[in-house]
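Bear in mind these aren't lab numbers, they're just calculated from the coordinates by the rules spelled out. Please read these numbers as outputs of a predicted model, since none were measured by experiment. Please note: Cβ atoms are built from the backbone with ideal geometry, for glycine as well, and neighbour counts cover all protein chains shown.
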Amino acid sequence: MSMKLPFFKSKQTDTEINDTTIENIPNHVAIIMDGNGRWAKKRGLPRIAGHKEGMEVVRNIVKASTKFNVQILTLYAFSTENWKRPKSEIEFLMKLPKEFLHIYLPDLIENNVRIDTIGDFDALPEHTKQAIQYAKDKTKDNNGLLLNFALNYGSRFEIIRAIKKIMIDIDGSKISVDTLDEKTFSQYLYTQGLCDPDLLIRTSGEQRLSNFLLWQLAYTEFWFTDVLWPDFNEAIYQQALLDYQQRKRRYGGI
Ligand code: IPE
Ligand code: IPE
Ligand code: MG
């Protein structure tokens, strides 16, 4: 794969010839990291081996995001529907954040990454919450990449939750039905304050949203690859960004 694409556009100035700029990089990239189980199965390994390998890929893609100047990276790590999986797999997945942060938190801090989550955080196991809360607190003042894990996240749950909160605020006269608009509604979602994703990537060949960011993806560009998440890497990520750069976003206009 050629990397000499217009990703880095050379800019000539009086003093420097080889200065580079990055043009039209998505501010917010969301990824449905899928295919860990199939990756493991292909190798005759237990599914959890795929999750473990996938964790290493997360670190690489976080690094690449900083390098490419992406501002927000939202990673779908566990859906509200994933509780249907065998208990042993769920237990493993709930231990992964702690393991990931144990290894990489110092590195993430050094790279000015801020960690946050979207989803029903309170319903996570205590040990999972503790590890993540610690990382959130430690990185809260960082102003580099926002690494946003969708954990116990489900879009329909999020929307119902927002409606309930809105009804309470209408009851309490904090907002009125007349002034409720899209912007106000967005403020009741987990993603409050964040711009909508510009680019959605899903690995593993599946072409569905699986209850991910239904409201926020209204005008997002989609990019699918057959590559399984544990095989995803910086070069493939760059290809997604390059393809994104060729898209014409019209938002209903002409
Ligand atoms: C994605 O990989 C990780 C999670 C959903 C937690 P899967 O575990 O869904 O892997 P496949 O889709 O079964 O291959
Ligand atoms: C979506 O993947 C959820 C995550 C990647 C965390 P799934 O593997 O759960 O999605 P389905 O079941 O194939 O739709
Ligand atoms: Mg899957």
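Below 8 Å, C-alpha to C-alpha, sequence gap of six or more: please give me the relative contact order for the chain in percent.
Values: 374 pairs, mean separation 63.6, N = 254.
So the answer I get is 25 percent.
Over the range 154-239, calculate the relative contact order: mean separation of alpha carbon pairs under 8 Å at least 6 apart, over the residue count, as a percent.
Details: 72 pairs, mean separation 26.2, N = 86.
Relative CO of the range 154-239 lands at 31 percent.
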q = 0.10, 0.15 Å⁻¹: log10 I(q)/I(0) that the Debye formula gives for the chain, counting C-alpha atoms only: -0.54, -1.16
Using alpha carbon centroids, what distance separates the range 233-254 and the range 98-141, in Å? 29
Could you give me the radius of gyration and the Dmax of the range 118-195, taking only the C-alpha atoms into account and expressing both in angstrom? 14.9, 43
For the range 131-254, just the Cα set please: Rg and Dmax, both in angstrom. 17.6, 51
Calculate I(q)/I(0) for the range 27-172 by the Debye formula, one identical point scatterer on each C-alpha and no solvent, and give its log10 at q = 0.11, 0.12, 0.15, 0.20 Å⁻¹ to two decimals. -0.45, -0.53, -0.82, -1.31
Summing Lys, Arg as +1 and Asp, Glu as -1, what charge do residues with Cβ under 12 Å from the Cβ of residue 186 carry, residue 186 excluded? -3
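If you place +1 on the Cβ of every Lys and Arg, -1 on the Cβ of every Asp and Glu, and leave all else neutral, what size is the dipole of the chain about its Cα centre, to the nearest 20 Debye? Working shown, then result.
On the way: 34 positive and 33 negative charges, 141 e Å.
Computed charge dipole of the chain: roughly 680 debye.
Loop sites only, by DSSP: take the GluC sites (Glu not before Pro) in the chain that have at most 14 other C-beta atoms within 10 Å and name the longest stretch containing none of them. Could the numbers behind the result be given before it?
Working: sites that count: 16, 23, 206.
The longest uninterrupted stretch comes out as 24-205.
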If the cut-off is 18 Å between C-alpha atoms, which lysines fall inside it for residue 164, apart from same-chain ones fewer than 8 positions away? 174, 183
Using a cut-off of 13 Å between beta-carbons, work out the net charge of the residues near residue 147 (Lys and Arg +1, Asp and Glu -1, residue 147 not included). +4
Toward the positive end of the charge dipole of the chain, about the Cα centre and with charges on Cβ (Lys, Arg +1; Asp, Glu -1), which of 71, 227, 134 goes farthest? 227
Which lysines, if any, have their Cα less than 27 Å from the Cα of residue 52, not counting same-chain residues under 8 positions apart? 41, 42, 63, 67, 84, 87, 95, 98, 129, 136, 138, 140
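What number comes out for the charge environment of residue 108, summing +1 per Lys or Arg and -1 per Asp or Glu over other residues with Cβ under 11 Å away?
Numbers: positive: 59, 63, 114, 138; negative: 107, 110.
Net of charged neighbours comes to +2.
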Report the FRET efficiency, 1/(1 + (r/R0)^6), for residue 169 and residue 227, where r is their Cβ-Cβ distance and R0 is 30 Å, rounded to 0.05. 0.10
Over the range 49-180, what is the relative contact order in whole percent, taking alpha-carbon pairs under 8 Å and six or more residues apart? 33
